[in-house]
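Trainee: Below is one structure. I have some questions about it.
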Amino acid sequence: TSAGNLSNFRFFTNDFETDTSGIDVVATYLPQAWSGTQFNLIYNHTETEVADFNPDTLDGTRIRELQEGLPENRWNISGSHEADKWRFLTRLSYYDGWFDSEDGITYGGEYLVDMEFSYSWTDKFSAVVGGQNIFDTLPEENPGARDGVGNLYSQFTPFGFNGGFFYARLKYDF
């Protein structure tokens, strides 16, 4: 094709500088008194600051997206136990607040709970039943949804806006 068929194009530039710092912590505890039990803690704290930028290409909203668009703090704690043919897992997760530039709102943090149970008839055949976000936690509602495009929840929520997800599966290892 020729340049005459070109209707639009885009290009990308590195026209700003950020400083990002944080910490990740992962800890596992295996209690001696409870054989087959494991506890896990995962924690993340990340801060991003726009250190330098060109005001002709980066506005205040985009700076705020870069600095506040993701939760600064996220963590989960889980416990699992295996005994005989049974396995149990429970996890509590937390997502700190975040900024949505399309809604112009800073949303608050949320807690989610996941659970899973499995039973193994043999070394090769098992059944699993579980759920993610079992209490059907939804993000805060966008108060301007009815006046705008109808997005009841922020599309940028770090944990989704579909609520709980439940599943069952049979597993056979060949």
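The values are calculated or read from the model by the stated rules, or taken from the named source; none is laboratory data. Just so it is clear, the structure is predicted and the values come from calculations on it, not from any experiment. Neighbour counts run over all protein chains shown; Cβ positions are idealised from the backbone, glycine included. To get the accessible areas, we keep the full protein, side chains included, count just its heavy atoms, and leave off ligands, DNA and RNA. Shrake-Rupley method; radii C 1.70, N 1.55, O 1.52, S 1.80 Å.
Trainee: Among all residue pairs at least 6 apart or on different chains, which show Cβ distances below 9 Å where the first residue, located in region 157-174, is on the phi < 0 side of the Ramachandran plot and open to solvent by less than 100 Å² (accessible area, probe 1.4 Å) and the second is polar (S, T, N, Q) and in a loop (DSSP other than H, G, I, E, B)?
Mentor: F159/N133; F159/T137; F161/N151; F161/S154; F161/Q155; G164/N133; G164/T137
Trainee: If you don't mind, another one. Would you check if there is a residue in region 21-28 being in a strand (DSSP E or B), open to solvent by 80 Å² or more (accessible area, probe 1.4 Å) and within 30 Å of L152 (Cα to Cα)?
Mentor: No, region 21-28 contains no residue that is in a strand (DSSP E or B), open to solvent by 80 Å² or more (accessible area, probe 1.4 Å) and within 30 Å of L152 (Cα to Cα).
Trainee: So, in region 119-136, how many residues would count as being surrounded by 14 or more Cβ atoms within 10 Å (Cβ to Cβ) and not in a strand (DSSP E or B)?
Mentor: Filtering region 119-136 for residues surrounded by 14 or more Cβ atoms within 10 Å (Cβ to Cβ) gives 120, 126, 128, 130-134.
Restricting the remaining residues to those that are not in a strand (DSSP E or B) gives 133-134.
Count: 2.
Trainee: Of the residues D96, D103, only one is buried (at least 16 other Cβ atoms within 10 Å of the Cβ), modelled with pLDDT under 95 and either among the charged types (D, E, K, R) or within 22 Å of F161 (Cβ to Cβ) (or both); which? Give the steps one after another, and end with the answer.
Mentor: Numbers: D96 fails: modelled with pLDDT under 95.
After ruling out the rest, the residue left standing is D103.
Trainee: Would you tally the residues in region 118-143 being out of contact with any strand residue (DSSP E or B) (no Cβ under 8 Å at 6 or more places or on another chain) and charged (D, E, K, R)?
Mentor: Result for region 118-143: 2.
Trainee: Let me ask something else about it. Among the residues of region 47-62, which ones are free of Cβ contacts under 8 Å to residues at least 40 places away in the same chain and either open to solvent by 50 Å² or more (accessible area, probe 1.4 Å) or part of a loop (DSSP other than H, G, I, E, B) (or both)?
Mentor: Of the residues in region 47-62, the ones free of Cβ contacts under 8 Å to residues at least 40 places away in the same chain are 47-56, 59-60, 62.
Scanning region 47-62 gives E47, E49, A51, D52, F53, N54, P55, D56, D59, G60, R62.
Trainee: State which residue is modelled with the lowest pLDDT when the search covers only region 3-20 and only residues that are surrounded by 10 or more Cβ atoms within 10 Å (Cβ to Cβ) and not polar (S, T, N, Q).
Mentor: Result: D15.
Trainee: Now, a different point. So if I check each of E65, E116, which one is open to solvent by less than 40 Å² (accessible area, probe 1.4 Å), of a type in the set (D, E) and in contact with a Ser or Thr (Cβ under 9 Å, 6 or more places away or on another chain)?
Mentor: So the residue among E65, E116 that is open to solvent by less than 40 Å² (accessible area, probe 1.4 Å), of a type in the set (D, E) and in contact with a Ser or Thr (Cβ under 9 Å, 6 or more places away or on another chain) is E116.
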